[in-house]
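> Take a look at the following structure, please.
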Amino acid sequence: MRRANVMAGVILAVFGLVMLVIVIPRQIGPGPDGMMSPSLVPSMMMIVITALSLILVISNIRARPVDARAEPAAPISRDEILALVRILGLFAVALGLHLWLSPLAAGFALVAGAQLVLGERRPLLLILVPAGFLGAIWLLFYKLLGTAIL
């Protein structure tokens, strides 16, 4: 596990440095005078990711070696991987509904589908929670703020 953590930390650190040195400066131009640079927040996030990955590498290199037989075989179970696949499939379906039907259908499918994936089986909650959530968003943006979402 230590070896995997060191490798993941190194890969993330290299990714963060490449983003800081090459990608962000080339892709995000300077902002207008008197404003913060548009690249400020992406740069800050990449600095945080790089720093955290370096902490991961250093802490795992400095840690005492653990007997290989004492470590668990896999930190992620099969059920967790299947749950991840279900959630990714749900997002794919919601994206398709958004593109081909409507954002309302996609939002309803996303919230109700997430409830189903997480184990909710009561039909009333499967209908009322997405409807209430989408209704609250509509109320906030269109009535309270007086603007469209997009």
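> Determine which single condition Ala51 fails, assuming it passes every other condition in (1) within 30 Å of Leu20 (Cβ to Cβ); (2) surrounded by 13 or more Cβ atoms within 10 Å (Cβ to Cβ); (3) not β-branched (Val, Ile, Thr).
The single condition Ala51 does not satisfy is (2).
> Now, a different point. Please count how many residues of the range 16-38 are among the small types (Gly, Ala, Ser) and loosely packed, with under 11 Cβ neighbours inside 10 Å.
Of the residues in that region, 2 qualify.
> A follow-up question, please. Where in the range 74-150 are there helices (runs of 4 or more DSSP H), lying fully within it, with 1 or more residues that are exposed (fewer than 10 other Cβ atoms within 10 Å of the Cβ) and modelled with pLDDT under 95?
Result: 78-100, 123-138.
The values are calculated or read from the model by the stated rules, or taken from the named source; none is laboratory data. Not measured: the values here are computed from a predicted model. In this analysis, Cβ positions are derived from the backbone assuming ideal geometry, glycine residues included, and neighbour counts consider all displayed protein chains.
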